[in-house]
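The values are calculated or read from the model by the stated rules, or taken from the named source; none is laboratory data. Worth saying up front: this structure is predicted, and the values here are computed from it rather than measured. Counting neighbours? That spans all protein chains shown, and the Cβs are built from the backbone with ideal geometry, glycine included. Note: accessible area is taken over every heavy atom of the protein model, side chains too, but ligands, DNA and RNA are not part of it. Shrake-Rupley method; radii C 1.70, N 1.55, O 1.52, S 1.80 Å.
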Amino acid sequence: MRETLLVLRREVLMPQSYVRRSADGEKPRRWDLLDWAVPQDREELQKVLYGGASVLVQRDGEPLLGRASGSRSGASITSMSTVMGVTASLLDELDLRPRQRVLDVGTGAGVTAAVACQVCGDQGVVTLDRDRHLTQAAAARLADLGFRPEAVCGAGDEGCPARAPFDRIFVSYAVASVPPALVEQLAPGGRLLVHVTSVSPSWPALAVVERTLDGHVQAELRAVEFAHRAGHGLEQIWPTEGFRQRITAEPATWTQRSMLPPPADTDRGLWLAADHLLGGPVRDFGAENLVIGAPGCGSWLRAEPLQSENVCCTGAANISARARANRTTLSNEFSEPRTINHLTEWWHWPYGDRHRALQTKQPATLYGPAEIP
């Protein structure tokens, strides 16, 4: 798939792209729409198209065909291509083959549809998007590349039952749960890929759904580092700059010290589980140390090293009833003999001295009694 992406003529598929000219925090934002047809734009646009980053193709839900290049002010980007490295990895996972029937959900810039047409043949490819401006532009530009898939305007979670079943289904935006209609439209031996996320954007997952040759459905949920943007109607929470500053400056209502470090960023399965169990935490990846906040209820947690090489974990105790109930669930889980750690050391439970716990048949007691903050 990477070779197919490399030879894709992106200046034909995405002949225009926005670049932001405004500084961080500046409002309204300022944009320039670069156009391959404008000679003085080509050098910069080529770097945008082939640099590997996302290509910003639509602003404020506008029509893509017939736009004039030049400066814009205000509004936000409403469609973009996925980072090419992520796209290549996902398409490798999708495992496209000649003559397969493919449903591309979330047309966007048309990159996935172009690759599917190249590998599988355009007669079996359907690209679907809720925005008719995107499907119209994709159909025209794919035709310029010599491909004529069926471009359909409709709801992504409903799929395209008129053309089902499909051997491969690819969703290019994140959802709260796998749409049942897409699973129903999988052919025997088929595969569906879609990113799944909660209200928090910090710890996404990739759902890989397959229908076996005898018709049974099996699925795997993998925690991943990067994912597509949330789809239409899926609201996510983000820590504001004021909330970040508050976490930095506000005194904590409780403190816990530990000789053990918090889990690594690569322990994505643990973070994914914590996100779904605790409800609403958001990681500030720009912070120097581990910082997690819950904008919905205002609680937060900081974990930072001390001179003694201990880890000091501090946080605010304004916890919602739902979060408290989930913490109780975690506390009960961690008091089982298979782990020596308890709630205030919840991040260590996969690494606990399980042998000692099994030998003594004692619950978590090394760091004192387990208490719900």
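The figures follow:
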{"item": "Residue match in the stretch 65-80 (condition: surrounded by 21 or more Cβ atoms within 10 Å (Cβ to Cβ) and in a loop (DSSP other than H, G, I, E, B))", "result": "no"}
{"item": "Contacts under 7 angstrom Cβ, first residue in the stretch 216-230 being free of Cβ contacts under 8 Å to residues at least 40 places away in the same chain, partner open to solvent by less than 90 Å² (accessible area, probe 1.4 Å) and part of a loop (DSSP other than H, G, I, E, B), 6 or more apart", "result": "Gln218/Thr212"}
{"item": "Qualifying positions in the stretch 148-175 - open to solvent by 50 Å² or more (accessible area, probe 1.4 Å) and in a strand (DSSP E or B)", "result": "Glu150, Cys153"}
{"item": "Of residues in the stretch 111-127 being open to solvent by 20 Å² or more (accessible area, probe 1.4 Å) and not polar (S, T, N, Q), the one nearest to Thr82 (Cα to Cα)", "result": "Val119"}
{"item": "Residue match in the stretch 91-109 (condition: among the polar types (S, T, N, Q) and surrounded by 13 or more Cβ atoms within 10 Å (Cβ to Cβ))", "result": "yes"}
{"item": "Cβ-Cβ under 8 Å pairs, at least 6 apart or on other chains, the stretch 144-160 side within 12 Å of Arg132 (Cβ to Cβ), far side open to solvent by 70 Å² or more (accessible area, probe 1.4 Å) and part of a loop (DSSP other than H, G, I, E, B)", "result": "Cys153/Arg130; Gly154/Arg130"}
{"item": "Which numbered condition Leu182 fails, given (1) hydrophobic (A, V, I, L, M, F, W, C); (2) in a helix (DSSP H, G or I); (3) under 17 Å from Val57 (Cβ atoms); (4) in contact with a strand residue (DSSP E or B) (Cβ under 7 Å, 6 or more places away or on another chain)", "result": "(3)"}
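Yes/no per residue for (1) in contact with a Phe, Trp or Tyr (Cβ under 9 Å, 6 or more places away or on another chain); (2) assigned to a helix (DSSP H, G or I); (3) aliphatic (A, V, I, L, M); (4) within 15 Å of Ser198 (Cα to Cα):
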site	(1), (2), (3), (4)
Glu225	no, no, no, yes
Trp238	no, no, no, yes
Thr248	no, yes, no, no
Pro261	yes, no, no, no
Trp271	yes, yes, no, yes
Ala274	yes, yes, yes, yes
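To keep it simple, each residue is scored yes or no on (1) open to solvent by less than 40 Å² (accessible area, probe 1.4 Å); (2) more than 11 Å from the chain's Cα centre (by Cα); (3) modelled with pLDDT of 95 or more.
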position: Ser177; (1), (2), (3): no, yes, no
position: Gly190; (1), (2), (3): yes, yes, yes
position: Ser202; (1), (2), (3): yes, no, no
position: Ala223; (1), (2), (3): yes, no, no
position: Phe226; (1), (2), (3): no, no, no
